[in-house]
Structures are given as C-alpha cells and as structure tokens.
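Below is one structure; the comments refer to it alone.
Values quoted throughout were computed directly from the atomic coordinates according to the rules given, and no laboratory measurement underlies them. Just so it is clear, the structure is predicted and the values come from calculations on it, not from any experiment. Positions of Cβ are backbone-derived with ideal geometry, glycine not excepted, and every protein chain shown enters the neighbour counts.
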Amino acid sequence: MTLREAQQTSLRRLLPYAARQSRFYARRLADVDLDSIELANFESLPFTTAGDLRNWRDFLCVPPGEVQRMVSLHATSGTMGDPKRLAFTQNDLARTCDFFREGMRYLVKPGERLAVALPGADRPDGVADLLRRALRPLEVEVFCPTAREDLAPWLCGERIHCLITFPTPLAGLLRAFPAAAPPTLRGVLNSGDRIDPELKAAVRAAWKCEVLDHYGLTETAFGCAVECPTHNGCHIRALDVLVEIVDVRTGAPLPPGHQGEIVVTTLRHEAMPLIRYRTGDVGSLMPEGRCACGNDMPRLGPVLGRLDRTGGQARLVRTPKGGS
Ligand SMILES: [Zn+2]
C-alpha cells in the first residue's frame, strides 16, 4: 500500500468517526457529504482553529474513562476562561512512542543515557515517559533534570550521551562548553522551539556532535516530524499526521517549496482527532521524492516562526513557539 493509499484509508475512517463521536465535528461536518471526501478534495473541508479548542469537551470522541492523558495548552496572552485542553488515549500515545523510537535511532545507541530537558517533560505520560517506553527495548535510560538543576554540571555528572532540549538551554550549554562537547555527549535533539541555524551550526562545529531538529505539537501528541542526518528537512510521521501548507491569508493550499501556515490532520487519533487544524506555525513542505537517507516519508522544511493574529492581521514572529 502506498502512503497516499494508507492516508486515504485513514481519512475514510476518520471523517465519519469524528462526525459521529464528537459534538464539534457533528456540527462542523453536518452539511458535508463525507463519502465524497478524499485526499484530492480534502481542501474543501473547513479548518479547525486553536480558538475552536476553547470548547475542548466538544472534541472528545471517547468516554472520559478512556482518556489516558489530558494536556492543557499554554494560554496565550489576553485569552480568558477555560484553558484549552487536549486528550489522548493509550493508543494515541503508543503511536507517538513508535515515532519516537524511529526518530531517536540516529542519536542513541543501546545502553546509552538520554536526558530530556523540556518544560513539563517529566509529567506522567509526558515526553520523558513516552521516550522511556519507546526506548526500553534498547535499554536506553531516560533522565530529566529538575527545574533547579544547573544543566552543565548535571549533564556531566549523569554521563548523558544524548540531550533533548530547546534553543535557550542549548545556547547556555554552548557558553559553558565553547570548545568541546560535555565529555560523554554525542548527540542533541532540538525540540519545542525553532532553532536558529547559526546556533545549530555553532553547536555542531564546537562539539563535533550530531544536532537534529524535531517539530512537534501538543496537538499531534507531541511528535510530528524529525530530521535525519542528511539535514534536508524533517520526516513527517505521515501515516499519523497529514500535513498541508496553506496561504496565510486566503487559506488556499500551497505546493511544496512554498512557505505558508502548517495545517495538520491527526489521521489516527482516537480521543480528540483534529481535522485541518491551523497550527499558527509557518513552514513549507520539501519537494517530493526519496531523501538521501532512504526514507521516502514527506519532509517539512525549516519552520520560520509563528503567526501572531492579534489585531486581525497575521504577522510572522520569529520567536519560540511555546512549550512541548
Ligand atoms: Zn532523510
């Protein structure tokens, strides 16, 4: 089965499921002939926005007892009322584990020690737990520094081989270790925020270690796309997440190579699937074709930043895009 056929099959299952199980999509898709929707005319479906998630209960497709993890989204300034939440079932989280296992194989070897320095990563069923589960077959141990910990001495003391963090702590570490990597460290995964290419290049040059990028969203159960050592885009977990790029103003779909807003559809989520969800992040799809690493999953190019839509106009902000 080709990727397109697999996505098509998932889509045929997802649309009636969401329309039947969630109050939001029952309303939103009430006038749509779901049988007529396929990948080719998928763009005719309406978008889902972060604002829609204010009524997150209306998105739930499973009874509360089947929700394994509930995550509150970071409130953006000026919003009031109920925090936006996302729910995941055990199966939703298990698919993220599969993606993490696949993505981390370039950075950790069996028996190595992995550190996750991301806000909130050490919560139950959070990113560290998911990595722990994903990498258990490789006997990779996963550690999280506490918020009070000074990262540089902690990394050395714990003899960490691979670090997952975001640009601010990474820049701090580079100041602490300007000439060579912390003694045991061999690889870094950037996640949570967009990394400046200059910082990435500086770390790779000074530490002589691999630095790969990850694009993830809470909305996709954390994982979405991860870079391979070819450094030519991030491979999307395309069996789980359908990524579109749309014109920021008109919402019209854009072909590979064009910058626009990243729109995701979580094809196989059970608890709260999202259909054509506008992420507010700006990026592009790479031209189609097999990557030099051999993987033929579609690739996301660099994420340029986030859209600020306050005041009615969409403005690109090249700042960190929030937590993980
Ligand atoms: Zn590749």
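So for the chain, averaging the separation of alpha carbon pairs under 8 Å that are six or more residues apart and normalising by length, what relative contact order in percent results? Could you put the intermediate results ahead of the total?
On the way: 626 pairs, mean separation 52.0, N = 324.
This gives 16 percent for the chain.
Relative contact order of the stretch 159-310: what whole-number percent is it, with Cα pairs under 8 angstrom and at least 6 residues apart? Kindly include the intermediate steps, with their values, before the conclusion.
Working: 304 pairs, mean separation 24.5, N = 152.
Across the stretch 159-310, relative contact order equals 16 percent.
Just report the Cα centroid separation between the stretch 296-310 and the stretch 118-168, whole Å.
Spelled out, the Cα-based centre of one part sits 25 Å from the other.
About the Cα centre, and with charges only on the beta carbon of Lys, Arg (+1) and Asp, Glu (-1), how big is the dipole of the stretch 94-215? Nearest 20 debye, please. Walk me through the numbers on the way to the answer.
Values: 17 positive and 16 negative charges, 48 e Å.
Computed charge dipole of the stretch 94-215: roughly 240 debye.
May I ask you to list the aspartates and glutamates whose Cα is less than 12 Å away from that of residue 109, ignoring any residue fewer than eight positions away on the same chain?
139, 141
Normalised radius of gyration for the stretch 94-215, please: alpha carbon Rg relative to 2.2 N^0.38 Å, two decimal places. Spell out each step's value before the answer.
Numbers: Rg = 13.3 Å, N = 122, 2.2 N^0.38 = 13.7 Å.
My calculation over the Cα atoms of the stretch 94-215 gives 0.97.
Tell me which aspartates and glutamates have Cα within less than 16 Å of residue 84's Cα, excluding those fewer than 8 residues away on the same chain?
52, 58, 219
Could you pull out every one of the aspartates and glutamates with an alpha carbon less than 17 Å from that of residue 200, ignoring same-chain neighbours closer than 8 positions?
210, 213, 227
Which Cα, out of 104, 91, 126, lies furthest along the positive dipole direction of the chain (beta carbon charges, K/R +1, D/E -1)?
126
Give me the dipole magnitude in Debye, nearest 20, for the chain about the Cα centre, with unit charges on the beta carbon: positive for Lys and Arg, negative for Asp and Glu. Walk me through the intermediate numbers first.
Details: 41 positive and 38 negative charges, 76 e Å.
Using only the charged Cβ atoms, the result is roughly 360 debye.
Along the charge dipole of the chain, pointing to its positive end and built from +1/-1 on Cβ of Lys, Arg, Asp and Glu, which listed residue (167, 214, 14) has its Cα farthest out?
Result: 167.
Can you tally the net charge around residue 129? Count Lys and Arg as +1, Asp and Glu as -1, for every other residue whose Cβ sits under 12 Å from the Cβ of residue 129.
Details: positive: 69, 123, 132, 133, 136; negative: 122, 125.
Net of charged neighbours comes to +3.
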